[in-house]
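Asks: Got a structure for you, questions after.
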């Protein structure tokens, strides 16, 4: 059975131009053309687009999640359904990890908002260890420090950087905001305002002036991740339907 571009668009609730865009950038297989030049899509194309609709939502889900989704897309293009199912499991696991990280960051944000500050240093980490805790590279931490997002205490003759509980909590906030696609400049302005106790101005620095407070940013990010997880589960239903 063949479908026109408008058929695929109608069945997946998107604009025909979006279907053409998916084909043009290689997210689905190229469709053969009829004698009149019209695209002739088949069931595989339809299912590929259905999966894309589960992956590409209204908001950016973060780099780690997006990278994991590409494996599913590639498996669907090559019609490796078993691989697509396995990659979907990995995809959901990564979303769950990011969700837990975000929950911790939101908890910290709420403590900051209530002016509950960390007193005890907690466990001390080296830069490499801190990077592992946050889930980034040591170079990312260097970059955040160079951009003024965090100040790190130094000890000893070699002035070695140490990361205590206070620094780890701040890094969790930075990580969440970076995953949510905020620029270094916006995060710097936000944290500077927040350090000064100006919560409302901190939110304005993130270009969310109509929201209630900075904690909203974290709560909204949790919503984005939960929505991403819910849509990811639908991929299994699509794969089940294909294999019926």
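Every read-out reported here was derived from the displayed coordinates using simple, explicitly stated rules and does not represent laboratory data. It should be emphasised that the depicted structure is a prediction, and the values quoted were computed from it without experimental measurement. So basically every Cβ, Gly included, is an ideal-geometry build from the backbone, and we count neighbours across all protein chains shown.
Asks: Distance in nm between label sites at residue 129 and residue 25, each 7 Å beyond Cα in the beta-carbon direction?
Replies: 4.2
Asks: Would you mind computing Rg(Cα) / (2.2 N^0.38 Å) for segment 1-56, counting N as its residues? Working shown, then result.
Replies: Values: Rg = 10.2 Å, N = 56, 2.2 N^0.38 = 10.2 Å.
Rounded to two decimals, the normalised Rg is 1.00.
Asks: Among 217, 137, 228, 18, rank each residue by its count of other Cβ atoms within 10 Å, from fewest to most, as a rough exposure measure.
Replies: 137, 18, 217, 228
Asks: A further question on this structure: If you average 1/r over all unlike Cα pairs in the chain and invert the result, what Kirkwood radius do you get in angstrom?
Replies: It works out to 20.4 Å.
Asks: Can I ask one more? Can you sort 5, 88 from fewest to most other Cβ atoms within 10 Å of each residue's own Cβ?
Replies: Numbers: 5 20, 88 26.
Taking fewest neighbouring Cβ atoms as first place, the list is 5, 88.
Asks: Something else now. I'd like the projected area of segment 64-179, averaged over all directions, using the convex hull of its alpha carbons. Report it in nm² with one decimal.
Replies: Spelled out: convex hull of the Cα atoms, projected over all directions, averaged, 8.8 nm².
Asks: Treat the count of other C-beta atoms within 10 Å as a stand-in for reagent exposure and order 47, 223, 163 from fewest to most. It would help to have the intermediate numbers written out before the result.
Replies: Details: 47 20, 223 12, 163 25.
Fewest to most other Cβ atoms nearby, the residues stand as 223, 47, 163.
Asks: On C-alpha positions alone, give me the angle between the axis of helix 184-195 and the longest principal axis of the chain, in degrees, nearest 10.
Replies: With both axes taken from Cα atoms, the answer is about 40 degrees.
Asks: Let me have the 222 nm mean residue ellipticity of the chain computed from DSSP H runs of 4+ only, each contributing -39500 (n - 2.57), with the sum over all residues rounded to the nearest 500.
Replies: Value at 222 nm, helices only, nearest 500: -21000 deg cm²/dmol.
Asks: Could you tell me the relative contact order of the chain? Use alpha-carbon pairs under 8 Å, at least six residues apart, and round to a whole percent.
Replies: Relative contact order of the chain: 21 percent.
Asks: Given a Förster distance of 41 Å, report the FRET efficiency between residue 143 and residue 7 from their Cβ-Cβ distance, rounded to the nearest 0.05. Kindly include the intermediate steps, with their values, before the conclusion.
Replies: Values: r = 47 Å, r/R0 = 1.15.
Calculated value: 0.30.
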